[in-house]
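Scroll down for the structure; my scribbles are underneath it.
Nothing in this text is a laboratory measurement; each read-out follows from the coordinates by a stated rule. The structure displayed is predicted, hence computed values, not measured ones. When we count neighbours, we look across all protein chains shown, and the Cβ atoms used for this are built from the backbone with ideal geometry, even at glycine.
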Amino acid sequence: MIIKKVKDYMSSPINVIERNEPIQMARNLMFKYSIGRLPVLDNGKLVGIVTKYDITNRLNQAAPEWRRRPIDKIPIQVVMTEKPLTIFPDATMPQAAELLIENDISGLPVERDGEIVGMITTRDMVKYFSEQDIKATVGDLMSKNILNVHRHHTIGHVLEEMNVQGVSRALVYEDNMTPVGIVTRSGLTFSEMMGPKDDMETKNIKMTRKESAAGRKQYRYVKQMPFVAEDIMTSPIFSLSPEIKAVEASKTLEEKHIIGMPVMENNEVVGYFSADEIIIEIGRWK
């Protein structure tokens, strides 16, 4: 394996945001540039970081209506993580992976002489891993911690289960236990389901009332329903075989611009291979 440095893989230059800017602006930047985190500055000094995790968790808030404000009025400092960890450009990729693992985070601002010069993320780790020469297979590294949800589970339920199990994705199943899609935090962050008051939007379903079970149609009406997993899932899903070399699988992730795929054997999901497992492996190369 080749040990390279953070500066060889970090993104630079990067987008930043001021602490008093609204959450909506952060969400718009994430959507426009397909990024999952933003360093938060105060007069040019790093004071925090805001991630897609911070934003999607607001979707499931239980605050009463009178306590809510539109997300174009809520400042970033309300949801940001203060005093974020940073890393130097000359640190090695395994050192960066170790920091990500130990602190359960997916990205680190890169700092030189008090200035933020880049960002190293899980996607960069996938790219680094894809250039290595190791024999490990997908089956060797995959996680068996898989969250399964039904296609009609509400987004609130999916988010709650993600938080409880500490995962960032959920496989969506049919009644016959056939996987039909994936819900990810990225998908939630970049969706249009966040309403103007920072709550979950609803969808309108046309219903028909009848005079009796066998009677004629009497009138139609519209019923508001919460969004469910099938409304936001990515479908169809791509999958991997456990026998594939992990390096080749990481190249597939990079080519498809995704960070994980289910692992299937004999038409059954047996695991999940993602940037998380790749980072754990890189962290062992110290």
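Quick one: net charge around Ser186, please, counting Lys, Arg +1 and Asp, Glu -1 for every other residue with C-beta under 10 Å from its C-beta. Before the final figure, lay out the partial values.
Details: positive: Lys52, Arg169, Arg185; negative: none.
Neighbourhood net charge equals +3.
Determine the alpha carbon to alpha carbon distance for each of Lys32/Lys256; Lys4/Lys32; Lys135/Lys251 and list only those over 21 Å.
Working: Lys32/Lys256 18 Å; Lys4/Lys32 30 Å; Lys135/Lys251 14 Å.
Where the Cα-Cα span goes over 21 Å, the pairs concerned are Lys4/Lys32.
Suppose each label sits 7 Å from its Cα in the direction of the beta carbon; what would the Lys32-Val180 distance come out to in nanometres?
3.6
Arranged by the count of other C-beta atoms within 10 angstrom, fewest first, what order do Lys7, Lys45, Lys135 take? Intermediate values should be presented prior to the final figure.
Details: Lys7 16, Lys45 11, Lys135 8.
Starting with the residue having the fewest Cβ neighbours, the order is Lys135, Lys45, Lys7.
Taking other Cβ within 10 Å of each residue's Cβ, how do Ser274, Ser11 sort, fewest first? Please report the intermediate quantities before stating the final value.
On the way: Ser274 25, Ser11 16.
In increasing order of surrounding Cβ atoms, one gets Ser11, Ser274.
Once each part is reduced to its C-alpha centroid, what is the distance from the range 128-164 to the range 224-261 in angstrom?
Centre-to-centre distance over Cα atoms comes out at 9 Å.
Could you line up Thr121, Thr178 from fewest to most neighbouring Cβ atoms inside 10 Å? Write down the numbers at each step before the final one.
Numbers: Thr121 22, Thr178 10.
Sorted ascending by nearby Cβ count, the order is Thr178, Thr121.
Using only alpha carbon pairs under 8 Å that are at least six residues apart, calculate the relative contact order of the range 6-130 and give it in whole percent.
On the way: 180 pairs, mean separation 39.2, N = 125.
Contact order relative to length: 31 percent.
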